[in-house]
1. For the stretch A:7-86, list the helices (runs of 4 or more DSSP H) that sit wholly inside it and hold at least 2 residues that are over 20 Å from A:THR246 (Cβ atoms); which are they?
2. Would you check which residues across the stretch B:88-99 are hydrophobic (A, V, I, L, M, F, W, C) and either more than 7 Å from every other protein chain (Cβ to nearest Cβ) or touching a residue at least 40 places away in the same chain (Cβ under 8 Å) (or both) and list them?
3. Within the stretch A:223-245, restricting attention to residues that are in a helix (DSSP H, G or I) and within 13 Å of chain B (Cβ to nearest Cβ), which residue is farthest from A:ILE291 (Cα to Cα)?
4. In the stretch B:208-238, how many are in a loop (DSSP other than H, G, I, E, B) and either among the polar types (S, T, N, Q) or away from every other protein chain (no Cβ under 11 Å) (or both)?
5. Can you name every residue in the stretch B:36-54 that is over 14 Å from B:GLY219 (Cα atoms) and crowded, with 24+ Cβ neighbours inside 10 Å?
6. Scan (1) over 24 Å from A:GLU304 (Cβ atoms); (2) within 14 Å of chain B (Cβ to nearest Cβ) for the single condition A:LEU211 breaks and write down its number.
7. Any chance the stretch B:38-55 includes a residue that's under 20 Å from B:GLY245 (Cβ atoms) and not in a helix (DSSP H, G or I)?
8. Pull out all pairs, ordered by first then second residue, where Cβ-Cβ is under 8 Å, the residues are six or more apart or on different chains, the first lies in the stretch B:23-49 and is among the hydroxyl-bearing types (Ser, Thr, Tyr), and the second is buried (at least 24 other Cβ atoms within 10 Å of the Cβ) and not in a helix (DSSP H, G or I).
Amino acid sequence: MRRVTSTYLVSAVAIAAAVAAPLCMPVNIATEIAIYGIFALATYLLVGVAGLYSFGQAAFFGVGGYVAGYVFIHTNLPLAVGLLLAAAGSALIALIVGAMSIKRTGIYFMMLTFAFNQMIYYLAYSWRDVTGGEDGLGGIRRPDLALPGIGTVDLSQHMHFYVLTAVLFVAAFAALYQLMHSPLGLILNAARQNPRRTASLGYSVYRAQLLAFVVAGAASGVAGALFAMLYRIMPIDAISWTNSGTAVFMVIIGGMSSVFGPVIGAAVFIWLQGFFSLIWARWPLLFGVFIILVVLFLKGGVMELFERTRRLISGRTRAQPGPGREASTQAGTQTVTQTSLGTETGTPTAAGKEGGAR
Amino acid sequence: MVSLLAAQLLNGLAIGMIYALTAFGLSIIKGLLNVPNFAHGAFYALGAYVCFAALQLGLPFALALLAAFLVPALAGAVVERLGVARLMRGPYLYQLLFLFGVALIMEQLILIIWGTSGLSATAPEWLQGAFDLGFTYLPKYLVFNGAMAAVTIAVVWLLIERTRLGSQIRAGIDKREMAQCLGINVAGLVTTGFALGAGLAGLSGGLVLPLLGANSTMGAEMLSIAFVVLVIGGLGSLYGALAAGVLVGLIQSVSAVFAPAASTVLIYVAMVATLMIRPQGLFGER
């Protein structure tokens with residue numbers, strides 16, 4: 001059995017990246033990458049680890065943003081309370097949505113998460129008094145952060161805000177990595193590969209998946225809250241289904257083979273968005289072309305690119321078919337054989353039968 | 001009040017038929033490929049804009065509707081051939097993202113070609129005016145709209161249930177490998193089915209053009225409505241799509257009278273209620 005790399009070691013890499021980021025790019029870009037990194041990590045927990053293809057993650061991102069925005073506009077509550085409320089609000093919504101969706105598998109699950117995303121979008125759209133509707137929720141303040149022993153930190157300075165975001169990002173990263181190798185993570189992994197077998201071993205697949213859904217919702221909520229504070233406005237676009245698609249795309253472009261994948265995906269997405277929107281107002285078109293190219297020609301994402309380069313350098317020519325998963329995410333569940341991604345719950349026939357199709 | 005309500009009910013019925021038609025196309029694609037078509041809203045919008053362009057060229061309304069069916073159908077065939085078919089073997093997440101990318105591209109292309117402001121067109125003269133029913137007026141175009149949708153659904157239903165091509169398509173849905181072994185060109189059928197589904201979405205777009213006009217958000221709106229219709233009706237059930245489509249149309253138009261602010265959210269409430277009472281949808285199999 002392959003040893004699991006220590007959480008400290010993996011987190012050290014994340015810390016190094018978080019320290020290096022503001023040195024090589026504008027600090028607000030680095031902040032945005034860290035925020036979307038948290039969002040992508042949460043989505044990775046569902047899509048990559050649990051095999052729950054949720055297309056509605058923007059709902060939780062948005063709820064977190066609106067809750068934090070509302071709190072920081074209308075009350076004088078401290079920062080930590082606002083963030084906690086955002087996480088709790090998103091977790092609650094995720095609990096409701098998850099409880100109604102997770103029992104339906106495959107495509108049905110995906111369509112439900114999407115529909116709930118739209119429902120929450122239209123709620124935000126028409127509830128103008130609270131959310132600002134189409135114009136977005138503006139004038140969100142960044143409260144000072146009171147640290148015992150250090151004093152208060154003024155978060156209106158971009159660098160200070162980046163440090164806060166980066167700390168939360170590293171914490172989310174370490175927590176996700178720890179969770180992946182916890183008993184819960186192993187159950188999720190096993191359930192992704194063979195839900196019936198996992199259930200017959202005595203594990204409650206539904207409870208494990210619901211828990212993952214709630215955790216991912218809470219983390220997305222924190223990301224949304226930070227996003228609302230970054231630009232001091234919560235735009236309605238952040239809760240739309242396009243943002244849900246973006247979350248899934250970040251996971252794919254980075255590569256599902258490693259926990260670093262979604263982070264790289266977030267960085268690539270933020271950079272591309274900045275770059276494309278500079279050249280053309282109709283930048284989503286270029287983004288669409290990019291998505292299609294990646295899906296058709298680089299299924300394993302950036303991690304596959306690394307893998308290919310590494311193999312090229314080490315001179316091994318042994319070809320590996322398909323997007324090979326790194327063993328690091330697999331450790332402990334090797335008893336359940338996995339030939340390719342196609343054997344997951346998402347195989348057309350299996351999903352079709354379970355999804356209630358005829 | 002009665003006359004207003006009656007008018008809204010008729011309106012809802014006509015719009016509901018359009019929802020049913022669009023959801024029906026989505027249902028065909030979902031059945032054939034087992035992938036939710038995220039570009040369905042974009043095909044619907046494309047149909048509306050193509051219809052608008054055809055009318056501007058001076059073509060008669062019937063030809064404009066034909067174009068609204070054919071152009072999205074052709075686009076659908078290309079999308080299926082070049083992308084979806086190639087991704088058949090992997091997990092459907094990749095097909096989904098591919099269609100997401102296609103939706104983004106099509107939405108932006110429509111904006112580039114036709115601009116960001118909404119467009120509107122009037123129905124041809126023989127469809128203008130209204131019947132006087134005594135208690136309310138029934139616009140002729142609403143009748144045409146509902147009838148066209150009903151006839152199209154009936155024709156496609158006959159095509160799928162009663163013809164050789166249809167039985168081959170159903171065989172392809174049920175047991176792809178087996179159908180292939182029997183010498184059926186499943187890949188070709190899937191392309192045909194995808195084109196048909198996209199075409200139906202486009203035709204819906206063309207039909208609503210004189211009613212609602214064309215604008216940049218119509219695709220995303222219809223995409224979520226079509227999903228809700230499928231969930232309420234039950235995946236894979238034609239009757240379900242029909243009944244749920246009409247139901248959603250009625251809910252929307254009636255709530256527009258009593259609670260205009262909540263009318264967009266109410267259809268999702270209906271979806272949640274359906275899920276709680278009948279998780280498999282109104283007509284879905286468990």
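1. Of the helices (runs of 4 or more DSSP H) lying wholly inside the stretch A:7-86, those with at least 2 residues that are over 20 Å from A:THR246 (Cβ atoms) span A:7-24, A:57-74.
2. B:MET88, B:LEU96, B:LEU99
3. Checking each candidate, the answer is A:ILE236.
4. Number of matching residues: 5.
5. B:PRO36, B:CYS51
6. (2)
7. Yes; the residues of the stretch B:38-55 include at least one that is under 20 Å from B:GLY245 (Cβ atoms) and not in a helix (DSSP H, G or I).
8. That search, which allows pairs on different chains as well, returns B:SER27/B:LEU235; B:TYR49/B:ALA214.
The values are calculated or read from the model by the stated rules, or taken from the named source; none is laboratory data. Because the structure is a prediction, the values reported are computed rather than measured. Neighbour counts are summed over all protein chains in view; Cβ atoms, including those assigned to glycine, are modelled from backbone coordinates with ideal geometry.
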